[in-house]
Amino acid sequence: MALDPAGQHLRHVEKDVLIPKIMREKARERCSEQVQDFTKCCKDSGFLMVVKCRKENSALKECLTAYYNNPDFYEECKMEYLKEREEFRKTGIPTKKRLQKLPTSM
């Protein structure tokens, strides 16, 4: 069975695992200020971070949840995934390896 490189059908694992993974990564990038604030608070508070960093944790969760629940953001991540999958099906090379620099001398 040959796979259509431009096929839009998503398997269960793609819908429930791979696309949400892209969403988490992109949401963390877009909520970087809240991630930094929470990380700094945790480092500064040590064992008391559970109590002292509630405000930062709430702000981070609110920011991330806003992205996770946004259907447009899901579609954006889905399209990014489909584009990567299509490229992989054409070339056979995963995106991460394709983006690595090739050695200049052999």
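Rolling a 1.4 Å probe over the heavy atoms of the protein chains gives the stretch 13-85 an accessible area of 70 Å² per residue. Between the listed residues Ser45, Thr65, Tyr81, the Cα displaced farthest toward the positive end of the dipole of the stretch 19-90, a dipole computed from Cβ unit charges relative to the Cα centre, is found at Ser45.
Give the cross-link partners of Lys78 among the lysines, using a straight C-alpha distance below 25 Å as the criterion and excluding same-chain residues fewer than 8 apart. By straight Cα distance, Lys78 reaches Lys15, Lys21, Lys26, Lys61, Lys90, Lys96, Lys97.
Backbone geometry of the stretch 66-72 corresponds, through the Karplus equation with coefficients 6.51, -1.76 and 1.60 at θ = phi - 60°, to 3J(HN,Hα) couplings of 4, 6, 4, 8, 8, x, 5 Hz, x marking Gly and Pro. When you restrict to C-alpha pairs under 8 Å that are six or more residues apart and normalise by the size of the stretch 12-92, the relative contact order lands at 38 percent.
Working ranking of peptides 70-82, 44-56 by packing, defined as the average number of other Cβ atoms within 10 Å per residue, highest first, is 70-82, 44-56.
The values are calculated or read from the model by the stated rules, or taken from the named source; none is laboratory data. Predicted model, so just to flag it, every value in this text is computed and none were measured. As a convention, Cβ positions derive from the backbone with ideal geometry for all residues, glycine included, and neighbour counts pool all protein chains shown. Protein only, heavy atoms only, side chains kept; ligands, DNA and RNA dropped before computing areas. Shrake-Rupley method; radii C 1.70, N 1.55, O 1.52, S 1.80 Å.
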